[in-house]
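The values are calculated or read from the model by the stated rules, or taken from the named source; none is laboratory data. Keep in mind it's a predicted model, so treat the numbers as computed, not measured. A quick note on method: Cβ atoms are made from the backbone with ideal geometry, for glycine too, and the neighbour counts reach across all protein chains shown.
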């Protein structure tokens, strides 16, 4: 019964159970990971796991030790062929490949990751893939004619000696805290330089004898691992000045998508370490984004750059208008009433009030008493307007007297 259940298991389930046993986990503890890979994501063969990219591995959210052991087993075991499957009915993963539970390194030499030379030979033997590694060269000597740019996503992790997540986690652990900021800035400069100009050969080679590079990155093995995980390798190139061969860090094939992943992962580490991360540079050509060009052939970014000063002036004017509107809402609008302050004694204010009332009474009597035998020249509308003006003046005079009376009493020393 147990043998029949085992024969129904797929390659990935058998691999997970074997890996869990090496890590001291029971089949019940490994079942959630089997369900996630096989049932939820339909990853039932070893080839389907080999085809996963680094971001896709991250989306699976597997434990770090389990993910690394799976990758090393996949890299150590050859892909199943038709002749091998016909000769043996066993699965692609041999149970003889064993790992130590306390270490992620393989116990047997056969399970160790393939060397860079063997990876180049495997990649060169497979034709028709746009992510193949360049053919093996004699003496590991590179020329600018060997350089290539690949914009497609990398599906074969064996092209690189380390995964990006593993290399950057190692960088965070091994590099001292006080040196991490300088290392991150240098790595950003190197990787973003290639992203900005992937076809520029000068951005894709670094002299190993460069003292500035060695003091920031070269002295830390973990930082060099990040460069190798991004696509750099050791090689020789001719010095443009002397023409002699010299040791360089060379990126013969620039994988733009992998470099983009490296930038984002470094940015996450920089945020955690409190180091400002530069924005992702835009290269000259990106097949996955549309390019909008004006009728004159000038891109919108260039037009914006030429009129940057004009744009700043317009922004300042817009801010000033907003400030004026806010001030208008606070004050209620209208011009400020001009005040001409004057000082009056209390008796003078009373006399002024009496004089105003007498003047208004005289004007009213002149209007009401018309000469005999003459018809009044004022209409009812005129009389109504005069009364309205009279009421306004009385009200204004009363308010003025009250205001200056209160002001006078406040200023009086008594």
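Here is how the numbers come out for the structure above:
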read-out: Identity of the residue in the range 208-232, in contact with a strand residue (DSSP E or B) (Cβ under 6 Å, 6 or more places away or on another chain) and under 16 Å from residue 254 (Cα atoms), that ends up surrounded by the most Cβ atoms within 10 Å (Cβ to Cβ); value: 231
read-out: Pairs with Cβ under 7 Å, 6+ apart, first in the range 224-243 and under 12 Å from residue 159 (Cβ atoms), second at pLDDT below 85 and part of a helix (DSSP H, G or I); value: 233/116
read-out: Counted residues, the range 53-80 - those being more than 19 Å from residue 153 (Cβ to Cβ), at pLDDT 80 or above and not in a helix (DSSP H, G or I); value: 3
read-out: Selection within the range 17-39 - part of a helix (DSSP H, G or I) and over 27 Å from residue 160 (Cβ atoms); value: 17, 21, 27, 28, 29, 30, 31, 32, 34, 35, 39
read-out: Those residues of the range 36-52 which are within 14 Å of residue 154 (Cα to Cα) and buried (at least 17 other Cβ atoms within 10 Å of the Cβ), in sequence order; value: 49, 52
read-out: Some residue of the range 197-207 being buried (at least 16 other Cβ atoms within 10 Å of the Cβ) and farther than 21 Å from residue 143 by Cβ; value: no
read-out: The lone exception for residue 327 - which of (1) more than 30 Å from residue 390 (Cα to Cα); (2) modelled with pLDDT under 75; (3) surrounded by 10 or more Cβ atoms within 10 Å (Cβ to Cβ) it fails; value: (2)
read-out: Test set (1) at pLDDT 85 or above; (2) within 25 Å of residue 237 (Cβ to Cβ); (3) outside any loop (DSSP other than H, G, I, E, B) - residue 165 fails condition number; value: (2)
read-out: Which numbered condition residue 203 fails, given (1) within 23 Å of residue 278 (Cβ to Cβ); (2) out of contact with any helix residue (DSSP H, G or I) (no Cβ under 8 Å at 6 or more places or on another chain); (3) free of Cβ contacts under 8 Å to residues at least 24 places away in the same chain; value: (2)
read-out: Selection status of residue 393, assigned to a helix (DSSP H, G or I), in contact with a helix residue (DSSP H, G or I) (Cβ under 8 Å, 6 or more places away or on another chain), modelled with pLDDT of 70 or more and surrounded by 11 or more Cβ atoms within 10 Å (Cβ to Cβ); value: yes
read-out: Residue 145 more than 17 Å from residue 268 (Cβ to Cβ) and out of contact with any strand residue (DSSP E or B) (no Cβ under 6 Å at 6 or more places or on another chain); value: yes
